[in-house]
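*Asks:* My questions all concern the structure below.
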Amino acid sequence: MFSRDDVLNLTIPVFWKHGLAETTVQDLEKATRVNKSGLYAEFQNKEDLFTESLRRYFEELQQTGTLTSKPLGWENIERFMRVAHGNWGHWRQKGCFSVNSMREFSDLPSEARVLMNGSLTLLKRQMVKNLAATSQQRGDNDTLADLILTFFCGVCILQNLGPSVEEIDNKISQFLRLVRMA
C-alpha cells in the first residue's frame, strides 16, 4: 500500500531532474515502486502527477516559513536564497523544482502554470514584506524583490552546471552584500 504523499515525494526528484517531457511512466514506476495502473488509480495521468508533485513541493516550501519567520528582514531573505543549495526537504536536489520546470513552461499543464505563477506572486509579496521590515528605507521594494527573485532563479539554473555549494554560497553572499549596500 502506498500513500499519496509518499508517491509525490518520490516523483518530485524525478520531475525535478528530467522535467515533465523527459520523464517516462517507467521512470515514475521505478522511483515509486508503484505500477502504472496503481499510479493512474490515484492520478489521472503523468501531467496530473506532475501538477500534484509541484503542488506538494510548494506546500512544503511554504511550511518551512523561510520568508514568514519573525522578525521579518534580511535573515529571511538570505535563508530563502540558500534554498538553492538543495539542503532542505526530502529531495536533496540542487536548485528549485519550480525554476527547473520553467524551461518547459509553455508545455506544462495549465494548472501547473497557474501554480507556478501563484507561487512566484506569493514569494514576491513575502519578499516585499521582508524588505519593508529592514532598517533601510527603500523607495522601490517591488523592483528590489524582482531583482532578488531573478537572481535566485539564475542561481538555481546555475546549479545544473555543477558548481560546489561553496561557489554558490559565495555568489549569494556577494549578491546580498551588493543589494544591501544599494
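The values are calculated or read from the model by the stated rules, or taken from the named source; none is laboratory data. From a predicted model like this one, the values you see are computed outputs, not experimental measurements. When we count neighbours, we look across all protein chains shown, and the Cβ atoms used for this are built from the backbone with ideal geometry, even at glycine. The area values use the complete protein model at the heavy-atom level, side chains included, leaving out ligands, DNA and RNA. Shrake-Rupley method; radii C 1.70, N 1.55, O 1.52, S 1.80 Å.
*Asks:* Being open to solvent by less than 50 Å² (accessible area, probe 1.4 Å), within 16 Å of Phe58 (Cβ to Cβ) and of a type outside the set (S, T, N, Q) is the filter here, so list the residues in segment 108-150 that pass it.
*Replies:* If the condition is that a residue be open to solvent by less than 50 Å² (accessible area, probe 1.4 Å), within 16 Å of Phe58 (Cβ to Cβ) and of a type outside the set (S, T, N, Q), then Leu108, Pro109, Ala112, Leu115, Met116, Gly118, Leu123, Met127, Leu149 are the ones that fit.
*Asks:* Note down all Cβ pairs under 8 Å where the first residue falls in segment 149-161 and is closer than 15 Å to Arg103 by Cβ and at pLDDT below 95, the second is of a type in the set (S, T, N, Q) and crowded, with 18+ Cβ neighbours inside 10 Å, and they're at least six residues apart or on different chains.
*Replies:* Cys156/Asn100; Ile157/Asn100; Asn160/Asn100
*Asks:* Working only within segment 22-47, note down all residues that are open to solvent by 70 Å² or more (accessible area, probe 1.4 Å), within 20 Å of the chain's Cα centre (by Cα) and touching a residue at least 24 places away in the same chain (Cβ under 8 Å). Outline the logic, then answer.
*Replies:* First, pick out the residues of segment 22-47 that are open to solvent by 70 Å² or more (accessible area, probe 1.4 Å): 22, 26, 30, 33, 35-37, 40-42, 44, 47.
Now restrict to residues that are within 20 Å of the chain's Cα centre (by Cα): 22, 47.
The one that is open to solvent by 70 Å² or more (accessible area, probe 1.4 Å), within 20 Å of the chain's Cα centre (by Cα) and touching a residue at least 24 places away in the same chain (Cβ under 8 Å): Glu47.
*Asks:* I want to confirm something. Restricting to segment 48-77 and keeping residues that are over 13 Å from the mean Cα position of the chain (by Cα) and surrounded by fewer than 16 Cβ atoms within 10 Å (Cβ to Cβ), which single residue is farthest from Val14 (Cα to Cα)?
*Replies:* Here the answer is Pro71.
*Asks:* Anything in segment 55-78 that is aliphatic (A, V, I, L, M) and part of a loop (DSSP other than H, G, I, E, B)? List them, or say none.
*Replies:* The answer is Leu67, Leu72.
*Asks:* Can you tell me which of (1) without any contact (Cβ under 8 Å) to a residue 24 or more places away in the chain; (2) touching a Ser or Thr at 6+ places or on another chain (Cβ under 9 Å); (3) of a type in the set (Lys, Arg) is the one Lys70 doesn't meet?
*Replies:* Result: Lys70 fails condition (2) only.
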